[in-house]
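A quick write-up on the structure given underneath.
We did not get these values from a lab; they are worked out from the coordinates using the rules stated. Treat the numbers as computed from the prediction; the structure is a model and nothing was measured. Here the Cβ positions follow ideal geometry from the backbone for every residue, glycine too, while neighbour counts run over all protein chains shown.
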Amino acid sequence: MSTDAQDADGEDDLRERVTNFLRRNFPQIQMHGGSAAIQHIDTETGEVSIQLGGACSGCGISPMTIQAIKSRMVKEIPEITKVHADTGMEGMGGEGGHGGMEPSFPGETTDDDSGRDEGPQAPF
């Protein structure tokens with residue numbers, strides 16, 4: 001097997017373990033109308049980027065959820081050395097420079113047909 005194929009298999013395995021970690025440890029994200037999506041995994045450095053979206057974007061306790069994800073993931077998954085996680089709201093004047101997402105709530109509908117992205121979709 002080539003090195004590239006091994007790297008891809010390693011990333012796929014790590015991605016699956018991160019997804020299972022989120023599903024197992026943070027079911028409330030999805031239950032409350034939020035989502036958690038893996039944005040990037042660097043198997044060489046052990047860094048993972050997670051984007052919380054949906055209702056997480058406007059949730060007052062999302063900073064606590066982010067801190068819990070960061071601290072638990074590095075303890076549970078040995079290959080992970082650092083977790084970058086945010087709700088996208090940081091781009092609204094904070095760090096990151098990602099265009100911020102507007103808060104959304106379960107069952108909320110809008111008449112706006114501008115095609116705005118509602119943020120990342122949950123992998124589960």
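Highest average first, the peptides 31-37, 10-16 ordered by how many other beta carbon atoms sit within 10 Å of their residues are 31-37, 10-16.
Each pair of Cα atoms in the stretch 29-77 enters the Kirkwood radius, and Stokes-Einstein at 20 °C and 1.002 mPa s then converts it into a translational diffusion coefficient of 185 µm²/s.
Taking amide H positions as modeled 1.01 Å from N, with prolines and chain starts lacking one, the residues under 5 Å from His84 and 5 or more places away or on another chain are Val48, Ser49, Ile50.
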